[in-house]
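Quick notes on the structure that follows.
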Amino acid sequence: MVNQAALTTSKPGNFLGISWSNLLAAQTLGILLIVVMLLILLLRTPQSTTENVLPPTDITSSSPRTPIGSVCDMDPVDTTKLHIYSWHIHHTWTDVVEHASQAFEYSTAFHTALMSTFASEGQNGRKITSCAFGPNNIGVGTDYICIILPPGQSINVTTAAPKCGTNGKAFPAPSPSVTPWALANVEIFIPKRLIVKVSSFIEGWLLKQQGGYNDPATAALYGLSIMRHPNTGCNEGDHTARHYFFTEKQAKWSPELCTWGLGCNTPGYGCEETDTAPICGGDTGGCYASGSHSCAQYRERCYLQV
């Protein structure tokens, strides 16, 4: 019930005995308190932007470019602060003599399908050919797909760069190898703009295969795997923390990697391999010797390529 006495006894400039100025002050104070509380909530809420956090399916770029001179990290693709300049696709097969020929047939089928599907993305717009650089060049400015293979060399059952192990197993200690693979493998350079399209093709191709890559026993016996990794200049993390085996889900198997023979390990760094210097210079001891994931380099001739 409304208090009629209170209403009839209110004087001009008052409401229920409270001056209008006091009511206005109380209202203003209430608004200020609400604003302050909203500001506190806003400041305490983590800010998530597409610049700093990548959706798991977005592998076309990385979060803000790490300043030159910053150390490498061992974070996965979706959280690393390193800049991704390009990608590599590897497909492997065993070099064990009694299985190599059959294994190579599986690997060749995949290679042929990939090359024909993306032939228009080769340097001449008609065919994918050899790169003009080696595996430790991060490929800044290269906007076409190419095979990291010396010109004139063909891919055959014996194609196998110096490896870190034999029979699909890594050596238990550092070796003079220049590759992390313990298997025969082919390496394909993919510009950043095409990695999503290429990855989608590989996933679709694998779904159509019977046995081989999708059969655990066959894949392990023949050393069959298909893997991608980014190129940031930080080779160890790129080949371990940031790699992805397309074949692992179905095959339940992936080959070992040993990273002590890699090239460069500084953001934005790479090297130019030549016929006379195919491994970016002498071994510096690398991260294996130092026990650090952010040591300077593995090889002597690494330089800033961006």
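Of the residues Arg301, Arg228, Arg193, the one with the fewest other Cβ atoms within 10 Å heads the list, and the complete ranking is Arg193, Arg301, Arg228. Please go through the residue pairs Lys127/Lys197; Lys81/Lys252; Lys208/Lys249 and name each one whose alpha carbons sit more than 20 Å apart in this structure. Checking Cα-Cα distances, Lys81/Lys252 exceed 20 Å.
Each reported figure results from applying straightforward, stated rules to the coordinates on display, with no laboratory input. It should be emphasised that the depicted structure is a prediction, and the values quoted were computed from it without experimental measurement. Using ideal geometry, Cβ is built from the backbone for each residue, glycine included, and neighbour counts are taken over all protein chains shown.
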